[in-house]
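Throughout, read-outs are computed from the coordinates displayed, never taken from laboratory work. In this text, all values refer to a predicted model and were calculated from it rather than measured experimentally. Here the Cβ is made from the backbone with ideal geometry for all residues, glycine too, and neighbour counts use every protein chain on show.
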Amino acid sequence: MPTHLRDTAPLPLALERSTGVSLSTQLYEQVRDLILSGRLAQGVRLPATRTLAGELGVSRNTVVAAFDQLFAEGFLDGKVGSGTYVTTGALFSPERREQQSLTDRPGPSARGRSLAALAPPRSRHHRAFAVGVSAVDQFPFALWSRLLGQTWRAPGGDTMALGVPGGYQPLREAIARYLAVARAVVCTPEQVIITSGVQQAIALTCQALLDPGDRAWVEDPGYPGVTGALAGAGVSTVQVPVDDEGLCPVQGEALAPDARLACIAPSHHYPLGTVMSLTRRHALIDWAQRADGWILEDDYDSEFRYRGRPLASLQGLDRSGRVIYAGSFSKVMFPSLRLGYLVVPDHLVEIFLRVRAALDDHASLAA
């Protein structure tokens, strides 16, 4: 038989009106926790909604809303006229709770653990000369704020509507113009795909062009984020040494002749700052043609130089459609913007857009 809760023994509840959480939600959560912790045993009868509302100083509708949610989730049971009771069943038994606490500890897969191990340590404190941190104090906040205000004062319906996989078209057009002038990248706006950064660009490239288990050359030393993005797509990485001319394709072929992808930062190697020689660039393109492989050009930090003009992008030298170009605005603007892009050969645009749509639908308005 159910145990009746006497009116002189009210539920140990305390609702706060200043938390920003609705009273019905607080009541629902507190009763649920009492049941799960065993302090409200199976079969215990709860006070009538009107009685409980009076004790708590809230409206009856507040109590009814909380109880309805508890009924829907199976914590409470009862019928009109017979009262409301804590559900009877093994689900809430102390024995089951003890067993769950000892044995049912869900954990990640082996793949999840291996990916987590690749994540670099994070620090909230940015010290002088920190890698990858722009000079935020030099950012033109007034100009940025004014441009944002102009854009969002009357954005138009298309701006707020569902986007397209390639990203915001005016942004793609602006990036194509910028890359043509600044990096000698040969592309149309339709070849530009907006991403949330270079790592997402690498992942999308792998998902569109490679199969799990394929191998890729990466620079040694190199940016850890590249390895993480490749591993997330199921691609095995092979470290190829970098010398004063950049990554050497001959060494890459010796280490992994079956590689399908080379991930490189030819314009500004991380962390050595090496610029890949023109000879090596042509050799890498020749390798991609012979091996039916691909080159992912991470144009990391190419905007900054101490002297002279930068070499043109590797993509601008390619005539075989083997180079996928990736970049971001993390350094010239700020890292938390998370705005990157891919430039893909025109014959691959459709497959990249379809893969993007299948995985992520479309980029956000900014990224």
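Modelled label positions at Asp158 and Thr51, each set 7 Å beyond Cα in the direction of Cβ, lie 6.5 nm from each other. Normalising the Debye intensity of the chain to I(0), with uniform scatterers on Cα atoms only, and taking log10 at q = 0.07, 0.10, 0.12, 0.14 Å⁻¹ returns -0.52, -0.77, -0.90, -1.08. Extending 7 Å from the Cα toward the beta-carbon at both Gln30 and Arg111 defines two label points whose distance is 4.5 nm. Along region 326-342 the Karplus relation, 6.51 cos²θ - 1.76 cosθ + 1.60 evaluated at θ = phi - 60°, assigns HN-Hα couplings of 10, x, 8, 10, 5, 8, 7, 10, 7, x, 6, 4, 6, 10, x, 7, 10 Hz to successive residues, with x for each Gly and Pro. The label point for Phe71 and the one for Gln150, both projected 7 Å from the Cα toward the Cβ, are 5.8 nm apart. Here the Debye sum runs over all C-alpha atoms of region 243-367 as equal scatterers in vacuum, and log10 of I(q)/I(0) at q = 0.11, 0.20, 0.22 Å⁻¹ comes out as -0.43, -1.22, -1.34. In order along region 266-272, the Karplus-derived 3J(HN,Hα) couplings, from 6.51 cos²θ - 1.76 cosθ + 1.60 at θ = phi - 60°, round to x, 8, 7, 5, 9, x, 7 Hz, and Gly and Pro are given as x. Could you work out the percent of alpha carbon pairs in region 161-360 separated by over 30 Å, rounded to a whole number? Here the long-distance tail beyond 30 Å is 13 percent of all Cα pairs in region 161-360.
Applied to region 52-57, the Karplus parametrisation 6.51 cos²θ - 1.76 cosθ + 1.60 on θ = phi - 60° returns per-residue 3J(HN,Hα) values of 5, 4, x, 5, 8, x Hz, with x for Gly and Pro.
The distance from the alpha carbon centre of region 293-367 to that of region 164-212 is 5 Å, rounded to a whole number.
The GNM of the chain, with springs linking C-alpha atoms under 10 angstrom apart, assigns the highest mean-square fluctuation among Phe329, Phe139, Phe75 to Phe75. Residues Ile264, Ile351 in ascending order of nearby Cβ atoms (within 10 Å, fewest first): Ile351, Ile264. Remark on Thr274: its backbone amide H falls under 5 Å from those of His269, a criterion applied only to residues 5 or more positions apart or on other chains, H modelled at 1.01 Å from N. A cut-off of 5 Å between modelled amide H atoms, ignoring neighbours fewer than 5 places along the same chain, links Leu46 with Thr84, Tyr85, Val86.
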